[in-house]
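Report on one structure; see the data block that follows.
Computed from the coordinates by the stated procedures, all read-outs in this text should not be read as laboratory data. None of the values given here were measured: they were computed from a predicted structure. Virtual Cβ from ideal backbone geometry, glycine too; neighbours counted across all protein chains shown.
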Amino acid sequence: MPAVRETPAEALPPRHDWSRAEVRALFDLPLPELMHRAASVHRAHFDPAEVQVSTLLSVKTGGCPEDCGYCPQAARYHTGVDATKLMSTEAVVEKARQAKAAGASRFCMGAAWRSPKDRDIPKVAAMIREVKSLGLETCATLGMLSGEQAGALREAGLDYYNHNLDTAPEFYNEIIHTREFQDRLDTLGHVRDAGMKTCCGGIVGMGESREQRAGLLQTLANLPAHPDSVPINRLVQVEGTPLAGTVELDPFEFVRTIAAARIMMPRSMVRLSAGREQMNDELQALCFLAGANSIFYGEKLLTTGNPDTERDMALFERLGLRPMPIIEQAHTPGGTVHADIIDTDTHDHGAAGDCAKPRAA
Ligand code: SF4
């Protein structure tokens with residue numbers, strides 16, 4: 001197994017050539033060493049006391065034809081999630097207004113679709129235009145997109161698109177059978193080609209091996225551009241889905257995944273998304289020490305709950321953390337900058353996972 005590079009992490013430029021063995025070597029480091037390296041990278045690129053805060057609105061819930069084994073919104077699983085129609089533009093805009101009044105800078109709209117139908121695009125485009133006109137950044141997670149659809153959304157003013165890889169390429173068919181891993185990569189390519197920023201991560205704790213967790217991160221880091229946001233979700237086991245009853249992931253393994261993601265994608269927002277509600281304060285604190293610098297907050301994360309804002313703010317206070325102000329900007333690998341949050345006491349609406357799972361964003 002090759003040695004992990006010894007050059008100070010902060011001195012290394014972003015890489016897109018990670019080998020699986022190198023990533024495994026990171027995961028296999030003694031935890032104190034891994035944490036030290038991740039924290040060094042974190043503070044080289046961000047203020048480690050600042051955490052981006054995001055929320056997400058599900059504009060169309062449930063009834064999805066896909067069979068993602070973790071997702072309560074798949075129509076084929078009996079999870080008690082009722083399918084809803086696409087919300088009206090007026091209703092979405094009202095929610096966006098409320099979010100802005102609460103301090104949000106970015107508004108993410110999620111729909112439980114395999115992919116939008118072409119007839120859906122004008123409806124979503126209208127939402128994007130209206131939300132944008134409020135002065136908010138826009139984000140969406142709608143499933144797979146064609147190049148034309150991505151272009152139309154971009155033209156309407158969409159800034160970010162969330163589309164998760166879910167898991168390692170070699171484990172993908174254990175979790176999802178209604179699409180291929182390559183489909184995910186294709187959509188991400190369309191999103192990048194259209195000029196939008198990407199939010200892309202995955203879910204751990206689905207019964208995958210450490211090797212496969214390394215494979216997920218290797219694929220993410222070796223994309224042509226590192227995702228601007230990397231949601232790392234911990235499986236929320238929902239009764240009625242195939243993954244209910246999966247052996248729970250060791251919490252330290254989750255922390256290792258966060259730390260490795262921070263080291264491999266140094267300029268990305270590494271986001272704690274689905275599964276945070278099930279974490280105690282100590283585990284969340286370890287994740288922040290490992291380089292996580294974004295969370296979902298307050299509102300329901302699609303169909304899974306999220307810790308209430310009081311608990312979050314109390315934890316921030318205890319840890320000396322603060323929401324990332326809008327003026328903080330993260331440098332993208334391409335050298336451009338984007339404001340990933342907004343106001344100090346707010347939520348930014350970044351995507352959780354795609355569509356609407358306990359995945360997230
Ligand atoms: S994760 Fe998305 S694509 Fe998969 S079943 Fe759920 S809503 Fe559908």
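Taking θ = phi - 60°, what integer Hz values does the Karplus form 6.51 cos²θ - 1.76 cosθ + 1.60 yield along the stretch 150-163, in sequence order, with x for Gly and Pro?
Running phi through 6.51 cos²θ - 1.76 cosθ + 1.60 with θ = phi - 60° gives 4, x, 5, 5, 4, 4, 6, x, 6, 8, 10, 10, 9, 7 Hz.
What does the highest-first list of 171-182, 233-244, 263-274 look like by mean Cβ count within 10 Å?
Details: 171-182: 16.2, 233-244: 20.7, 263-274: 27.6.
In decreasing order of mean packing, 171-182, 233-244, 263-274 become 263-274, 233-244, 171-182.
Please report, for the Cα atoms of the stretch 30-339, the Rg to one decimal and the Dmax as a whole number; what are they, in angstrom?
Looking at the stretch 30-339, its Cα Rg and Dmax stand at 18.1, 52 Å.
Loop only by DSSP, 14 or fewer other Cβ within 10 Å of the Cβ. Give me the trypsin sites (Lys or Arg not before Pro) in the stretch 74-153 that pass, ordered by residue number.
Numbers: sites: R76, K85, K95, R97, K100, R106, R114, K117, R119, K123, R129, K132; in loops: R76, K85, R114, K117.
Here the sparse-neighbourhood loop sites are R76, K85, K117.
For the stretch 127-158 and the stretch 234-249, what is the separation of their Cα centres, given in Å?
A separation of 32 Å, based on Cα centres.
Cα-based Rg (one decimal) and Dmax (whole number) for the stretch 254-297, in Å?
Values for the stretch 254-297 (Cα only, Rg and Dmax): 9.6, 27 Å.
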